[in-house]
Structure formats: structure tokens, C-alpha cells
1. Put +1 on the Cβ of each Lys and Arg and -1 on the Cβ of each Asp and Glu in the stretch 37-97; which of L80, P91, L43 then has its Cα farthest toward the positive end of the dipole?
2. When N counts the residues of the stretch 4-91, how does its alpha-carbon radius of gyration compare numerically with 2.2 N^0.38 Å, as a ratio?
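Each reported figure results from applying straightforward, stated rules to the coordinates on display, with no laboratory input. From a predicted model like this one, the values you see are computed outputs, not experimental measurements. Cβ coordinates were reconstructed from backbone atoms using ideal geometry, including for glycine residues, and neighbour counts include every protein chain displayed.
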Amino acid sequence: MASGWTRARRAVSHAAAASTRFAAVFERTARRYKQRAERYVQLEVGHAAQNVHLQAVALDVGTVVVGAFDDAEVKQVLSLAANEQPLCLMPIGKLRS
């Protein structure tokens with residue numbers, strides 16, 4: 001049986017015209033914001049994802065936030081550095097009728 005990420009990657013690669021990926025280096029933000037770094041990064045990613053969603057609606061295309069995935073698999077597929085953490089994926093494409 002294929003993993004969740006493998007199934008998602010297959011579905012997204014066939015249905016989505018584009019995909020936005022959000023990742024973070026928490027340590028970089030922690031230098032300034034200390035223990036609140038993770039919270040602030042997650043808030044900002046949420047705001048950015050909302051803006052992507054709003055723009056998709058304005059362009060009459062569809063998107064969804066995908067956060068249920070295997071972090072290690074996503075890191076490998078996206079070639080993220082060891083200190084980068086994947087936070088969410090947003091496939092973008094034509095809406096189905």
C-alpha cells in the first residue's frame with residue numbers, strides 16, 4: 001500500500017497545475033523571538049496560505065491546504081535541508097464541474 005504522501009503526490013501531480021509548498025527553519029526565527037518562534041512561524045504560514053487561497057478564488061481556480069503527510073517523505077521529495085520543516089502543501093488547479 002502506498003503511503004499517504006505517495007498517494008497525495010500522485011493525485012496532486014496529475015490534477016494540479018501548480019503546487020505551493022511552505023517550509024520553515026524555526027531556529028532562524030527563534031534567534032529573535034525565542035520560545036514564541038514556532039507559534040509565530042505557524043501564524044505567518046497560515047496567513048500566507050490564506051492569501052494563496054484568496055488569490056486562487058479570485059482566479060477561479062481551486063486549492064486546498066494539505067497538512068497530513070509524512071514529514072520525512074516530504075523533506076526528501078522537496079529536497080529540504082535538514083533544518084527545514086515542511087508545514088503545508090497547496091495544490092492549485094482547475095475546479096471540477
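1. Of L80, P91, L43, it is P91.
2. Relative to the rule-of-thumb radius for its length, the stretch 4-91 sits at 1.16.
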